[in-house]
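Novice: Dumping the structure here so I can ask a few things about it.
Coordinate-derived values only; no laboratory data. Here the structure is a predicted model, which means the values were calculated and not measured. Cβ placement follows ideal geometry from the backbone for every residue including glycine, while neighbour counts extend to all protein chains displayed.
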Amino acid sequence: MPLVKIISENKIIEENVTENTNLVVQAGIKKFPYPYLKYKCGMGTCGTCSSLIIKGQKYLPDPTWKEVKILKEKLQLGYRLACQFRISHDIEIKQD
Ligand code: FES
């Protein structure tokens with residue numbers, strides 16, 4: 001089970017999740033990482049779930065066209081939209 005570590009507003013929370021977990025879907029049903037994950041639309045349009053991937057970037061699927069559109073140059077800096085990928089390996093993310 002992948003270990004997810006989230007750094008948000010000076011809090012660090014971590015928990016194992018089942019493979020293929022989407023963090024925004026999880027938070028939407030009030031499971032980890034609720035209430036610590038910032039998100040709104042869940043559809044790749046608002047950008048609220050923008051997250052810097054600190055560890056585990058290489059295991060994520062390629063960015064969706066929505067991530068390319070919303071994140072622009074932040075994509076090259078290591079940001080992704082948490083609502084747009086599923087987790088298959090350990091990951092560490094930070095939200096501003
Ligand atoms: S929650 Fe809106 S873009 Fe991810």
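Novice: In vacuo Debye scattering of region 1-52, one point per C-alpha: log10 I(q)/I(0) at q = 0.16, 0.26, 0.32 Å⁻¹?
Specialist: Rounded to two decimals, the profile gives -0.44, -1.13, -1.40.
Novice: Can you sort V25, V68, V4 from fewest to most other Cβ atoms within 10 Å of each residue's own Cβ?
Specialist: With the sparsest Cβ surroundings first, the list reads V68, V25, V4.
Novice: Note down the net charge around D90, summing +1 for each Lys or Arg and -1 for each Asp or Glu among other residues with Cβ under 9 Å from its Cβ.
Specialist: That works out to +1.
Novice: I would also like to ask the following. Note down the net charge around V4, summing +1 for each Lys or Arg and -1 for each Asp or Glu among other residues with Cβ under 11 Å from its Cβ.
Specialist: Here the count lands on -2.
Novice: Can you tell me which of 80-88, 47-55 comes out highest on packing, and rank the rest after it, using the mean Cβ neighbours within 10 Å?
Specialist: Taking the mean over residues of other Cβ atoms within 10 Å, the ranking is 80-88, 47-55.
Novice: Using Cα pairs under 8 angstrom and six or more residues apart, how large is the relative contact order of region 3-95, in percent?
Specialist: Averaging sequence separation for qualifying contacts and normalising by length gives 39 percent for region 3-95.
Novice: What's the long-distance tail for the chain, i.e. % of Cα pairs beyond 19 Å?
Specialist: Counting pairs separated by more than 19 Å, the tail of P(r) holds 31 percent.
Novice: For the chain, what is the mean residue ellipticity at 222 nm derived from helices alone (per DSSP H run of n ≥ 4: -39500 (n - 2.57); sum divided by total residues; nearest 500 deg cm²/dmol)?
Specialist: Helices in the chain give a 222 nm mean residue ellipticity of -3000 deg cm²/dmol.
Novice: Tell me, what is the percent relative contact order of region 19-69, built from C-alpha pairs under 8 Å that lie six or more residues apart?
Specialist: For region 19-69, the relative contact order is 23 percent.
Novice: Looking at the chain as a GNM with Cα springs under 10 Å, which of K38, K11, K74 has the largest mean-square fluctuation?
Specialist: K11
Novice: Find out how many positive minus negative residues lie around L77, taking Lys and Arg as positive, Asp and Glu as negative, among other residues whose Cβ is under 13 Å from that of L77.
Specialist: Cβ neighbours under 13 Å give a net charge of +1.
Novice: So which aspartates and glutamates pass the test for K74, namely a Cα distance under 14 Å, with those fewer than 8 places away in the same chain ruled out?
Specialist: D96
Novice: Under a 10 Å cutoff between Cα atoms, tell me which one of L60, L23, L77 has the largest fluctuation in the Gaussian network model of the chain.
Specialist: L77
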